[in-house]
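To start, the structure itself, in structure tokens.
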Amino acid sequence: TQRPRARTDEGPAPHPAPHMELDGRTRLSSRQGRRASGCASVAEQLRLRELGRRGVVAHPDLASRLSLVRRLREHQGCVHALAWSAAGAEDLLVSGSDDLHINVWSMCGSALRTSHFSAHTNTIFSALLVPGNEAQAVSSAADGEVRLHNLEHGTASVLAQFEGKMVFKLAFRPDCASTFISTHEDGKVRLFDLRAPLTQQLLVDLGNRTSTTNLAFKPGCADLFAVGADPDPYVRTFDLRSCAEPLRCYAPKHLCHAPRGAYRPGPGGASGVDWCAGNLLAASYRNGDIFLFDTRESAPEPLAPSTACSQPQQAAR
């Protein structure tokens, strides 16, 4: 295993470079300054001085020391789905691939526990173990199907099928092991309940010109989730109890003001969305950049929902 060569910095800049700040939305960069200012306490000043504003997990010095530990070799195609799941005292990793198999790995020794044929007919985009039940998994794929799997018996059943429209990502509601939501090529977000497996509820509809690509629930807030879209650049947050309109919308300004039609195949939407450090929302974009949005109420006001929902449709025409 080859360890990446350590990066040498030229020293912290007194202020972040102008392109890093976008009305409270920060573009991740290893050269961002690490000054601690305006802190509420000495402890906070020390934390910021030692770890930076993004904390130890995102600290560039830590990232530069990451190295490959081992490779998990079993799939016979590209792996598009990866998800961690805690089953008792054992950490499990679930993977899905072009080979139409769902594999479950034990991280205690990196052993393959299960290799299950999904019965999908096209690429698996998402695979998750049902919380609290490592014998069951759900999956979504490019064939437009959402499936429930019994990993012990090697069986699979179709929960829903959307002809000609891919189903991208799944996410379980944090406080309910039986309900999960999904993103779709047709611009919709749907809610599934394993207690009523043949029904689903439409939560969000962005229109058939925009795909909903990725989503994530906010930790500690079971009703709040964020949704990425493509080709428009906006990340929207919703309340599961009322999804008629987004709560807030976020996007890098330089993508918001791109010329009409510039989203395909160039700079486009968010392919990955996740919450980190409480109120920070991270989004990776198809043009290769990762942006960090501050979702606190005290943060600078993000794009108005009315503006954010109208501009993408104009750009996609």
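The values are calculated or read from the model by the stated rules, or taken from the named source; none is laboratory data. All figures in this text were calculated on a predicted structure; none of them were measured in a lab. No Cβ is skipped: glycine too gets one built from the backbone with ideal geometry, and neighbour counts run over all protein chains shown. Surface areas here come from the heavy atoms of the whole protein model, side chains and all, with no ligands, DNA or RNA. Shrake-Rupley method; radii C 1.70, N 1.55, O 1.52, S 1.80 Å.
Worth a mention:
- Divide the volume of the convex hull around the Cα atoms of the stretch 156-256 by the residue count and you get 105 Å³ per residue.
- Taking every Cα-Cα distance in the stretch 81-236 and sorting them into 5 Å bins starting at zero, the pair-distance distribution P(r) comes out as 2, 10, 19, 23, 21, 15, 8, 3, 1, 0 percent.
- Segments 160-169, 209-218, 195-204 sorted - mean Cβ within 10 Å per residue, highest first: 209-218, 160-169, 195-204
- Largest-first ordering by accessible area, 1.4 Å probe, given options Ser64, Ser242: Ser242, Ser64
- The stretch 120-176 - convex hull of alpha carbons, volume per residue in Å³: 75
- Derived scalar couplings ³J(HN,Hα) [the stretch 67-77; Karplus, 6.51 cos²θ - 1.76 cosθ + 1.60; whole Hz; x for Gly, Pro]: 9, 5, 8, 7, 9, 9, 10, 7, 5, 10, x
- Accessible area expressed per residue, the stretch 122-238, with surrounding protein chains retained (probe 1.4 Å, Å²): 36
- Here the stretch 75-124 and the stretch 132-178 have alpha carbon centers that stand 13 Å from each other.
- Apportionment of accessible area to carbon and sulfur, the stretch 131-255, percent (1.4 Å): 48
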